[in-house]
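**Student:** Attaching a single structure in structure tokens format; questions to follow.
Just so you know, all these numbers are worked out from the coordinates, no wet-lab data involved. Just so it is clear, the structure is predicted and the values come from calculations on it, not from any experiment. As a convention, Cβ positions derive from the backbone with ideal geometry for all residues, glycine included, and neighbour counts pool all protein chains shown.
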Amino acid sequence: MSTKIAIMGDEHLGNKQYGLEERELDFRRVFIAVVQHCIDAKVRALVIPGDLYNMARPSGELVFFVKSMVRKLRDSLIQVFGISGNHDVGCDYWLQLTDIVPLNNTCKEAGIVGVVGSMGVSLSGLNWTRPNMFYSELAKLVAYLRSVNVKHVDYFVFHQLFDEFIPYQTGLITATGTMGIIREFTPKAVICGDLHESVQMEFNGVPFIYTGSTELNKMNEPEAKYLIILDDKKVTRIPLVTRPFIRKYIQTEQDLDGLLATYPRETDKMPMLLLEYDNEAKELAKRAGTVLKENNALFRLLPIVNANSKSILAQLTHDADVSRSGTIGYLKKAVESCFDTKSDEYQLIFQLLSSPDDLYDIIMNYAKTKNL
């Protein structure tokens with residue numbers, strides 16, 4: 001008889017995306033839904049492969065929320081195991097406060113190997129570590145397992161990006177190299193976090209399974225989100241209901257009229273609207289924002305680079321004459337020494353300064369316009 005376990009990674013609880021409280025609540029809502037899915041599916045354990053929290057020091061209220069969810073799982077005889085990711089690394093203490101059993105090898109209080117119920121399904125793992133330190137940390141874990149005479153581990157849990165799963169090669173961590181080190185423990189699967197896409201590949205017959213995130217954190221990740229149920233080596237993906245995103249580019253009055261005419265106002269889950277505009281449509285975007293706000297819409301205005309538009313530097317300094325003796329003046333002089341003042345790159349730097357919270361979207365839009 002096999003033991004079903006659920007995997008839910010990269011929840012990023014506490015992420016007040018775009019500064020909106022409603023988005024912060026969305027991340028909690030999907031966590032609540034996952035807990036109910038686990039209960040309905042009668043799993044024996046829930047495994048969290050990192051980034052449960054969006055920060056290393058979550059608020060007391062957020063920790064209490066997680067603790068209440070874990071208690072609900074434990075009341076249904078579901079054990080909860082976890083590791084820290086790059087966003088919440090170093091917060092094993094917060095995991096323990098919420099009755100989540102840390103699997104990290106440096107957490108001596110919890111031990112190294114978690115065992116699920118009477119079936120004896122075993123887990124072990126590592127907190128996120130810098131890629132150039134991963135293999136040395138993995139070597140320590142393997143040495144420890146040998147020292148306590150562990151011969152078999154069903155599931156290893158990591159929060160790392162392996163080269164085989166990403167479009168660029170770091171040359172630092174590979175699934176193939178990792179499998180070569182842990183093969184002696186004959187794992188059934190390797191559970192992975194950090195990549196916000198639900199995907200898996202096999203190496204030496206062992207699946208490496210990325211859970212994907214539970215909510216949309218960045219626009220370059222798939223909108224489809226899942227809870228994964230593992231039954232021995234059988235993988236089942238349960239779709240999670242998340243808030244839909246709509247991305248629009250406006251440049252004319254017609255674009256604005258079309259947007260306002262089609263934007264849904266009475267839905268169970270109001271879409272999150274990302275409204276892109278260049279400098280020439282700045283006033284238009286402001287009017288759109290005013291109307292959407294009046295309709296209680298969820299939206300974010302996103303400026304994009306346009307070389308033919310009014311200078312972002314002029315926007316940043318409110319069209320005032322910039323003195324070379326001021327901070328912006330020194331920065332302007334430094335940037336001028338590296339870039340042509342008429343180039344898109346020159347404008348991009350000041351756009352990033354004017355909207356630091358939108359850094360990712362600005363960079364991605366710039367890359368798109370340059371076909372990078």
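**Student:** Checking the structure you have, find out if any residue of segment 27-41 is surrounded by 17 or more Cβ atoms within 10 Å (Cβ to Cβ), farther than 18 Å from Arg237 by Cβ, touching a residue at least 24 places away in the same chain (Cβ under 8 Å) and touching a strand residue (DSSP E or B) at 6+ places or on another chain (Cβ under 7 Å).
**Tutor:** Yes: one or more hits.
**Student:** Can you name every residue in segment 2-58 that is at positive phi and either over 18 Å from the mean Cα position of the chain (by Cα) or part of a loop (DSSP other than H, G, I, E, B) (or both)?
**Tutor:** Residues satisfying the conditions are Asp10, His12, Gly14, Lys42, Gly50, Asp51.
**Student:** If you check His159 against the conditions, is it closer than 24 Å to Asp232 by Cα and surrounded by fewer than 16 Cβ atoms within 10 Å (Cβ to Cβ)?
**Tutor:** For His159, the condition - closer than 24 Å to Asp232 by Cα and surrounded by fewer than 16 Cβ atoms within 10 Å (Cβ to Cβ) - is not met.
**Student:** Mind listing whichever residues of segment 236-256 are assigned to a strand (DSSP E or B), β-branched (Val, Ile, Thr) and without any contact (Cβ under 8 Å) to a residue 40 or more places away in the chain?
**Tutor:** Scanning segment 236-256 gives Thr236, Ile246.
**Student:** Would you check which residues across segment 128-163 are in contact (Cβ under 8 Å) with a residue 40 or more places away in the chain and within 19 Å of Ala45 (Cβ to Cβ) and list them?
**Tutor:** Correct list: Val153, Tyr155, Val157, Phe158, His159.
**Student:** Let me ask you something else. Suppose the filter is among the hydroxyl-bearing types (Ser, Thr, Tyr) and out of contact with any helix residue (DSSP H, G or I) (no Cβ under 9 Å at 6 or more places or on another chain); does Ser68 pass it?
**Tutor:** yes
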